[in-house]
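The values are calculated or read from the model by the stated rules, or taken from the named source; none is laboratory data. Note that the structure is a prediction, hence the values are computed from the model and not measured. Note that we place each Cβ from the backbone using ideal geometry, even for glycine, and neighbour counts take in every protein chain shown.
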Amino acid sequence: MSIRERLSGNEAVANAMRQINPDVVAAFPITPSTEIPQYFSTFVNNGQVTTEFVPVESEHSAMSACIGAAAAGARVMTATSANGLSLMWEMLYIASSLRLPIVMSCVNRAVSGPINIHNDHSDSMGARDSGWIQLYGETNQEAYDNAIMACKIAERTGLPVMNCYDGFITSHSIENIELEEDDKVKAFVGEYKPAHYLLNKAEPIAVGPLDLQPYLFEHKFQQAQAMREAKDVILEVSKEFSAMTGREYGLIEEYKMEDAEIAIVVLNSTAGTAKYTIDRLREQGVKAGLIKPRVFRPFPYAEIAEALKNVKAVAILDKCDSTNGAGGPLYTEVTSALYGAGITSVKAVNYVYGVGGRDVRTDDIEKVYRDLQLDVANGIQGTPYRYLGLKG
């Protein structure tokens, strides 16, 4: 039976880690993810877990230690944010290329510079092509649930997983949450039994050898194929999780999309603000809807195209900018999905919003829907690349 609690997102994730009891956690503090290793270190000190906790001198070292431990056959977890993720950059690619099932909570924060410690998605979006599966969570409950499911997803796919949720908005805010019983979580994740690992004396292997023209291309193809196949694994694990908890997850969440004429696509906590706004607009007769991708890598192209095929216009909201002159990362993925599915009737616009933690209110979201109504009535006027809440 689930246990009712009131926890911050970071405390909820630390409790998920306690219940999983990984073999190794290596971490370096950085706001706003610092509380995760801080809470977890108390579990280590109190003897509530048997985890080897490795405090290191930098985030690069944290991921390096995770890679070494995972290659040796350990179940491994960590957490970071923003500049910390950036300092891990080299090691992110090594972790994924070695097919190591590391789980890392990425508490989303703006990447410097200038220095900013508040929420946007420039950190995880900057790492979107590093070969890591990326899960995104709207609430503290989803951050907790994704942390548990990530462990199983990583080990079944042989790919590392980022559990992404919004810094301060989700990480530090306290919400009602349902925790699962410790024994149920332990049974759900099961015992980790890697197929190949350095400490297996019956099978001597080398890890990280030079990989030149004869094989690198094929190994990268295998990574890409594993990412494509990860969609089925994510759905499979989510179904098993639902059987345990009653909480259902897919690749995307659709909110009032059955008859929607205009829609927003947005990640993480802003989806909650959008849902409230949709309810208010629906009372006024506006057929507004929402799609919240839960998974960004692998990207759910077919599912999003199917969900959007009947709307007249869609606004894709990005909490970071790609500075590519052609829209933010979520926008380019969604429009690619529509194009690939042959859907040309849907008007699509992009809004970059909330950069550096700028507040996003219901009035801001309502403005997007009102703009979409005008786009439907008059066609898109001017650029489809827009900024929401920008001063001046």
Note to self: Cβ contacts < 7 Å: first residue assigned by TED's automatic domain parsing to the domain that holds residue 158, restricted to the range 201-223; second residue in a loop (DSSP other than H, G, I, E, B) and surrounded by 12 or more Cβ atoms within 10 Å (Cβ to Cβ), any location; separation 6+ or different chain. Result?
What the structure shows: 203/196; 205/196; 205/198; 207/98; 207/198; 208/98; 219/211; 223/131
Next item on the list: Could you list all residues from the range 186-200 that are closer than 14 Å to residue 153 by Cα and either in contact (Cβ under 8 Å) with a residue 40 or more places away in the chain or of a type in the set (Phe, Trp, Tyr) (or both)?
Entry: 188, 189, 192, 194
Check: Among the residues of the range 345-357, which ones are surrounded by fewer than 21 Cβ atoms within 10 Å (Cβ to Cβ) and touching a residue at least 40 places away in the same chain (Cβ under 8 Å)?
Finding: 356, 357
Margin query: Checking the structure you have, find out if any residue of the range 251-269 is closer than 23 Å to residue 229 by Cβ, assigned to a strand (DSSP E or B), of a type outside the set (Asp, Glu) and touching a residue at least 40 places away in the same chain (Cβ under 8 Å).
Written below: yes
Note to self: Out of the strands (runs of 3 or more DSSP E) lying entirely within the range 1-64, which hold 3 or more residues that are more than 24 Å from the chain's Cα centre (by Cα)?
What the structure shows: 52-55
Margin query: Tell me yes or no: at least one residue of the range 103-123 is farther than 21 Å from residue 274 by Cβ, in the same structural domain as residue 23 (by TED's automatic domain parsing), assigned to a helix (DSSP H, G or I) and touching a helix residue (DSSP H, G or I) at 6+ places or on another chain (Cβ under 6 Å).
Written below: yes
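Check the range 141-149 and report whether any residue there is in a loop (DSSP other than H, G, I, E, B) and polar (S, T, N, Q).
Filtering the range 141-149 down to residues in a loop (DSSP other than H, G, I, E, B) leaves none.
Among the residues of the range 141-149, not one is in a loop (DSSP other than H, G, I, E, B) and polar (S, T, N, Q), which makes the answer no.
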Next item on the list: State the number of residues belonging to the range 70-91 that are crowded, with 24+ Cβ neighbours inside 10 Å and of a type in the set (A, V, I, L, M, F, W, C).
Entry: 7
Next item on the list: Could you figure out which of (1) within 20 Å of the chain's Cα centre (by Cα); (2) exposed (fewer than 15 other Cβ atoms within 10 Å of the Cβ); (3) among the acidic types (Asp, Glu) isn't true of residue 181?
Entry: (1)
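Rundown of residues vs (1) farther than 30 Å from residue 30 by Cα; (2) in contact with a strand residue (DSSP E or B) (Cβ under 6 Å, 6 or more places away or on another chain), yes/no style:
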residue: 167; (1), (2): no, yes
residue: 172; (1), (2): no, yes
residue: 189; (1), (2): no, no
residue: 196; (1), (2): yes, no
residue: 210; (1), (2): yes, no
residue: 230; (1), (2): no, yes
residue: 235; (1), (2): yes, no
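Within the range 292-304, identify whether any single residue is of a type in the set (Gly, Ala, Ser), out of contact with any strand residue (DSSP E or B) (no Cβ under 9 Å at 6 or more places or on another chain) and free of Cβ contacts under 8 Å to residues at least 40 places away in the same chain, and answer yes or no. I'd like the intermediate steps shown before the answer.
Our first condition is that a residue be of a type in the set (Gly, Ala, Ser); within the range 292-304, this holds for 302.
If we keep only those that are out of contact with any strand residue (DSSP E or B) (no Cβ under 9 Å at 6 or more places or on another chain) as well, we get 302.
Right, trim to free of Cβ contacts under 8 Å to residues at least 40 places away in the same chain and you get 302.
So far as the range 292-304 goes, yes, one or more of its residues are of a type in the set (Gly, Ala, Ser), out of contact with any strand residue (DSSP E or B) (no Cβ under 9 Å at 6 or more places or on another chain) and free of Cβ contacts under 8 Å to residues at least 40 places away in the same chain.
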Item checked: Filter result for the condition that a residue is at pLDDT 95 or above, within 20 Å of residue 153 (Cα to Cα) and not acidic (Asp, Glu), over 10, 83, 46, 21 -> 21
Checklist line | Criterion: under 29 Å from residue 352 (Cβ atoms) and among the β-branched types (Val, Ile, Thr) - qualifying residue of 266, 233, 237 | finding: 266
Next item on the list: Answer yes if at least one residue in the range 276-288 is within 19 Å of the chain's Cα centre (by Cα) and either of a type in the set (D, E, K, R) or closer than 23 Å to residue 239 by Cβ (or both), and no otherwise.
Entry: no
